[in-house]
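The values are calculated or read from the model by the stated rules, or taken from the named source; none is laboratory data. Predicted model, so just to flag it, every value in this text is computed and none were measured. FYI the Cβ positions are ideal-geometry reconstructions off the backbone, even for glycines, and counts take in every protein chain you see. Just so you know, the surface numbers come from the protein's heavy atoms only, side chains and all, with ligands and any DNA or RNA stripped out. Shrake-Rupley method; radii C 1.70, N 1.55, O 1.52, S 1.80 Å.
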Amino acid sequence: MCGIFGIYNHKDAANIVYLGLYALQHRGQESAGIACFDKSKVYSYKQMGLVSEVFTQDVLKKLAGNKAIGHVRYSTHGASDLKNSQPIVVEYQDGYLALVHNGNLTNANIIRDELRKSGAIFQTTTDTEVIIHIMARSKEHSAIDRFIDSIHRFEGSYSIILLTQKELIAARDPFGIRPLCLGRLRDSYVISSETCAFDLIEAEFLREIEPGEILVINKSGIKSIYQVKKTSPKFCIFEFIYFARPDSFMFGKTVYTIRKAFGRELAKGDNVEADMVIPIPDSGIGAAIGYSQESRIPFELGLIRNHYVGRTFIEPEPSIRHFGVKLKHNAIHDLVKGKRLIVIDDSIVRATTSRKIISMLKYYGAEEIHFRVSSPPTKFPCFYGIDTPSRKQLIASSHSIEEIKKYMGCDSLRYLSKDAMKHAVGDGDYTFCDACFTGEYIIKFPMDMSIEQMELFSDKTANKEANQTILML
Ligand code: AMP
């Protein structure tokens, strides 16, 4: 869960990346960073915090050079810590190299252990640093050849931008799990996780980078290389459900349109009688509009979100998350009083947010609450970069819908079915990874591990980090 952005050949490269990151802030709010290259020097700045807090005019002025990359982070591998923020900038045999990464390498810990045994020293606990180490050990003599030489070692999801003094390289894993797109801003090429960043800087959206494609942008222009075996794409369906911005175009569709289609599907065959449909803002809005249009039950904004609070769930500390629910939402008392409500959210993870919202709506006099979820029950952890952690934190992996309904305190609970979800994303070939709902993981786990071992493995990493003694404050 991160956002990445890069630009090649622009006199205000750092400023453009700053704006790009601003538009991608929803993809990560823990840290932000930019690395900028001019002919002979590399400038890099990263800090914990939001883009607007990290970059002042003074900092941006110092980030000189005509090519730059940037990153906003929400940690899914490695602790939330400055040392793990990106870009990672290194000096190696071929000069300087900067890297930003969105996704999760499922075999990162295995490669890391191998490298450690052979004497490698790590500065971070991220999977991203492993990429740099593998590239640095390649016998090839340019960043692109080193990358191509290394790519077969990486398993899992990755959308990556690499910057050298000569070129910008963008690559997407063979399944295209995380998004990545290419745009043009007059004479410059831009790369972004999502197209909403192109709209902000008034760049033209050219196309999505293809699954398995490596793009090299340098002074000779742009070149596309395919070095991995062609597979059928497996885009992350959760980007459509929750993560991406509704105004972005990804995986060939506009996110908002798909969210509305989820809502429409959810309304089909749902014969509950109600006075109004209300979304949990912002994540439930698109689906609630679709539901309301299909069911002809009026849409109302019964819950108001405080926009000065970030994505509640995105705060990694459970205590903050718990507190954040009340900070974030309030109900319009006289609108909901005495009403039969259909309340819509995009997903249920732990059910803590939804439970509190239901109790607040009841407190303000809602007569009935019918909770509707515009995705199937989230039962399985994601190992490809979305923070739906282990099954013990996912209420639907150990409870029936009836039990979840009781826990949440609503009058009825209904999820979108898997078939309806597939129908909503289009009738053609289904090209999505939906392992979080089905448990059908598209990439074999390293060393034939089971889900239990994968979960344990991640937990162990977390414990190791909690016990480590080098802490950057
Ligand atoms: P809860 O009611 O506690 O299960 O929280 C559900 C809310 O968390 C929904 O509004 C979702 O939009 C949001 N959510 C779902 N998955 C994630 C995720 N991986 N990271 C952050 N927020 C999420």
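With angles folded into 0 to 90 degrees, how steeply does helix 255-267 sit against the dominant principal axis of the chain? Use alpha carbons for both and round to 10.
Between helix and principal axis, roughly 30 degrees.
What angle do you read, to the nearest 10 degrees and between 0 and 90, between the alpha-carbon axis of helix 13-23 and the longest principal axis of the chain?
20 degrees
To the nearest 10 Å², what's ARG172's accessible area with a 1.4 Å probe?
Rounded to the nearest 10, the figure is 10 Å².
Largest first and to the nearest Å, give the Cα extent of the chain along each principal axis.
Rounded to whole Å, the extents work out to 69, 47, 47 Å.
Quickly estimate the mean residue ellipticity at 222 nm for the chain, helices only: each DSSP H run with n ≥ 4 gives -39500 (n - 2.57), and the total goes over all residues, rounded to 500. Walk me through the numbers before you get to the answer.
Numbers: 17 runs with 146 residues, N = 473.
Estimated from H runs of four or more residues: -8500 deg cm²/dmol.
Taking the Cα centre of the chain as origin, sum charge times position over the Cβ atoms of Lys and Arg (+1) and Asp and Glu (-1), and report the length of that vector in debye to the nearest 20.
Working: 59 positive and 56 negative charges, 84 e Å.
Result for the chain is approximately 400 debye, rounded to the nearest 20.
Using the Cβ atoms and a cut-off under 11 Å, what net charge is assigned to the surroundings of ARG207, where Lys and Arg are +1 and Asp and Glu are -1? Provide the component values of the computation, followed by the final result.
On the way: positive: ARG184; negative: GLU204, GLU208, GLU210, GLU213.
After counting each charged neighbour, the total is -3.
Please give the per residue accessible area of region 3-234, computed with a probe of 1.4 Å over protein heavy atoms only, in Å². Don't skip to the answer; put the middle values down first.
On the way: 8880 Å² over 232 residues.
Ligands and nucleic acids excluded, the figure is 38 Å² per residue.
Which percent of the accessible heavy-atom area of the chain goes to carbon and sulfur, probe 1.4 angstrom?
Values: 10340 of 20130 Å².
Carbon plus sulfur share of accessible area: 51 percent.
Subtract the Cα-Cα distance of ILE304 and ARG414 from 0.36 nm times their separation in residues, and report this length gain in nm to one decimal. Display every interim value, and only then the final one.
Working: separation 110, 0.36 × 110 = 39.60 nm, distance 2.29 nm.
Gain on stretching ILE304 to ARG414: 37.3 nm.
Within region 230-244, whose backbone N sits under 19 Å from a point 7 Å along Cα→Cβ of THR254?
Those under the cut-off are 239-244.
Expressed as an acute angle from 0 to 90° and rounded to the nearest 10, what is the orientation of the C-alpha long axis of helix 128-137 relative to the principal long axis of the chain?
Between helix and principal axis, roughly 20 degrees.
Once the piece of chain linking HIS399 and ASP113 is laid out straight, how much longer is it, given 0.36 nm per residue of separation minus the C-alpha distance between them? Don't skip to the end; give the middle numbers.
On the way: separation 286, 0.36 × 286 = 102.96 nm, distance 3.66 nm.
Result for the pair: 99.3 nm of gain on full extension.
Please work out the FRET efficiency for the pair VAL272 and GLU452, using the Cβ-Cβ distance as r and a Förster radius of 45 Å; give the result to the nearest 0.05. Spell out each step's value before the answer.
Values: r = 38 Å, r/R0 = 0.85.
My answer for the efficiency is 0.75.
Over all distinct Cα pairs, what is the inverse of the mean 1/r for region 254-425, reported as the Kirkwood hydrodynamic radius in Å? Before the final figure, lay out each step's value.
Values: mean 1/r = 0.0620 Å⁻¹.
Evaluated on region 254-425, it is 16.1 Å.
Quick one: net charge of ALA35's neighbours, Cβ under 13 Å, K/R +1, D/E -1?
Working: positive: LYS41, LYS46, LYS62, LYS67; negative: ASP38, GLU91.
Spelling it out: positives minus negatives among the neighbours equals +2.
Whole percent per 5 Å bin, from 0 to the bin with the longest distance: what is P(r) over all C-alpha pairs of region 164-243?
3, 15, 23, 23, 20, 11, 4, 1
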